Amino acid sequence: MRPDLFTSLILGPCSAETHSQVLQTAEGLQGLPLSYFRAGIWKPRTQPGAFEGIGDIGLEWLVDVRNTYGYKICTEVATAEHVKAVITHQIDMVWIGARSTVNPFTVQEIAEALQGSGIPVMVKNPVNPDLKLWIGAIERLERHDIKVIGAIHRGFSVYQKTKYRNNPHWQIAIDFKQERPDIPLIMDPSHIGGRAALIAPLAQQALDLHYDGLMIETHCDPSAALTDAKQQISPAELHDLFTALEPRSQSERIKHDLSELRDKLSIVDDALIELLQERMALSKQIGIFKRTHNTPILQVQRWEETLKTSVEKGLLSGLSQEFTEQFIKMLHEESIRIQLALLSDQPDAN
Ligand code: PEP
Ligand code: MN
């Protein structure tokens with residue numbers, strides 16, 4: 001990779017798991033223009049009972065990485081205790097995770113603990129799509145005299161399944177750049193994408209959108225990773241990724257804008273499929289109810305009303321009468337098929 005493409009490159013495993021896993025991963029990154037080697041030591045897990053990080057000993061492994069390979073090292077902090085341990089081990093940089101940025105009390109505690117340490121801080125976006133909260137966390141740090149600050153765009157939690165693990169909401173990143181052009185913005189394709197196949201296209205997108213850097217999770221044996229196994233790639237894959245990154249010309253910009261719009265379209269399509277599945281599951285439930293209560297499947301009056309209301313709503317939203325009519329009729333036909341299949345006792349009325 002041309003070393004000038006990104007200012008900051010933060011690479012390393014999601015979690016420090018063992019001494020050899022950390023060192024072996026670091027070894028594989030030699031030759032890349034790394035700004036920092038990352039590893040999570042205290043892991044904020046969605047559910048209890050999973051691997052919650054190796055704890056303080058992991059800081060010593062990070063120090064070994066620094067001594068062996070000369071990389072600067074960084075980890076996530078979420079409490080004043082973590083900050084204390086990080087200061088003791090002279091860790092070069094810390095980041096605040098998405099689940100901490102969301103809570104002003106936590107950010108306050110971290111800011112107070114970091115004050116005067118001179119340690120640079122990267123602030124991940126909060127889990128919810130709230131630009132003010134993200135910038136607010138940065139301002140809280142600034143009020144505690146923390147001067148070297150960066151921001152990490154890692155996407156936002158979603159309930160419905162989409163192509164991404166965390167919805168990027170590109171507009172928020174663009175607004176962030178506009179509001180705080182002084183703060184370097186780096187992308188975390190690992191947590192946005194949530195799967196290995198999306199890391200390279202997202203990294204290219206980071207380049208196209210002029211992000212200042214990347215934070216990417218890498219593991220010497222991704223499939224055996226204790227956290228975020230699906231999204232970690234091997235150091236060898238990272239080398240390939242950086243070799244394939246292409247600085248874009250102006251005309252490529254147009255292609256990029258188009259692909260961004262297409263990405264948005266795919267998100268809506270995915271949501272539509274989910275909704276259709278939900279609708280058909282409800283039809284089936286209604287079919288079972290009708291069968292139990294011996295009620296006819298087709299109630300013409302109800303069907304006519306449904307069609308009429310949908311067409312009216314469609315017209316109000318700018319959809320043509322013909323399109324809405326055809327679409328609702330197709331849905332209805334499929335519901336009837338499912339309910340009839342139930343009556344004829346077919347084993348799977350899907
Ligand atoms: C991480 O970087 O490993 C992490 C926990 O990230 P996030 O706060 O973005 O979920
Ligand atoms: Mn992770």
(request) Could you list which residues have their amide H under 5 Å from that of residue 127, counting only those 5 or more apart in sequence or on another chain, with H placed in the peptide plane? (result) 102
(request) Using amide H atoms built 1.01 Å from N in the peptide plane, name the residues 5+ places from residue 122, or on other chains, whose amide H lies under 5 Å from its own. (result) 94, 95, 96, 150
(request) For the chain, with a Gaussian network of springs between Cα atoms less than 10 Å apart, report the residue from 70, 53, 150 with the top mean-square fluctuation. (result) 70
(message) Suppose all protein chains stay in the model; what accessible area per residue would a 1.4 Å probe give for the chain, in Å²?
(response) 52 Å²
(request) Report the local net charge at residue 257: Lys and Arg +1, Asp and Glu -1, summed over other residues whose C-beta lies under 12 Å from its C-beta. (result) +1
(request) May I ask for the net charge around residue 118, where only other residues with Cβ less than 12 Å from the Cβ of residue 118 are counted and Lys, Arg are +1 while Asp, Glu are -1? (result) -1
(message) I'd like the accessible area for residue 333: 1.4 Å probe, protein heavy atoms, all chains in place, Å² to the nearest 10.
(response) 130 Å²
(request) Between beta-carbons, use under 11 Å as the cut-off and find the net charge around residue 225, counting Lys and Arg +1, Asp and Glu -1. (result) -3
(message) With viscosity set to 1.567 mPa s at 4 °C, what whole-number translational diffusion coefficient in µm²/s follows for region 200-350 from Stokes-Einstein and a Kirkwood radius over Cα pairs?
(response) 64 µm²/s
(message) Please report the carbon-and-sulfur percent of the accessible area for region 63-155; probe 1.4 Å, protein heavy atoms only, DNA, RNA and ligands left out.
(response) 50 percent
(message) Would you work out the Kirkwood radius for the chain? I mean one over the mean of 1/r across all pairs of different Cα atoms, in Å.
(response) 22.9 Å
(message) Under 10 Å, Cα contacts only: if you run a Gaussian network model on the chain, which one of 301, 21, 204 comes out with the highest mean-square fluctuation?
(response) 301
(message) Take the residue pairs 124/255; 163/230; 264/313; 163/255 and return only those whose Cα atoms are more than 22 Å apart.
(response) 124/255; 264/313
(request) Quote the accessible area belonging to residue 130 in square angstrom, nearest 10, computed with a 1.4 Å probe and with ligands, DNA and RNA left uncounted. (result) 50 Å²
(request) Could you work out the relative contact order of the chain, using alpha carbon pairs under 8 angstrom and six or more residues apart, expressed as a whole percent? (result) 14 percent
(message) At 222 nm, what value in deg cm²/dmol follows for the chain if DSSP H runs of at least 4 each add -39500 (n - 2.57) and the sum is divided by all its residues, to the nearest 500?
(response) -16500 deg cm²/dmol
(request) Compute the FRET efficiency between residue 239 and residue 50 as 1/(1 + (r/R0)^6), taking r as their Cβ-Cβ distance and R0 = 22 Å, and round to the nearest 0.05. (result) 0.15
(request) Go ahead and set up a Gaussian network model of the chain, Cα springs under 10 Å, then flag whichever of 29, 275, 298 fluctuates most. (result) 298
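The values are calculated or read from the model by the stated rules, or taken from the named source; none is laboratory data. Computed from a predicted model, the values in this text were never measured in an experiment. Note that each Cβ is placed from the backbone with ideal geometry, even for glycine, and that neighbours are counted across all protein chains shown. Accessible surface areas use protein heavy atoms only, side chains included; no ligands, DNA or RNA. Shrake-Rupley method; radii C 1.70, N 1.55, O 1.52, S 1.80 Å.
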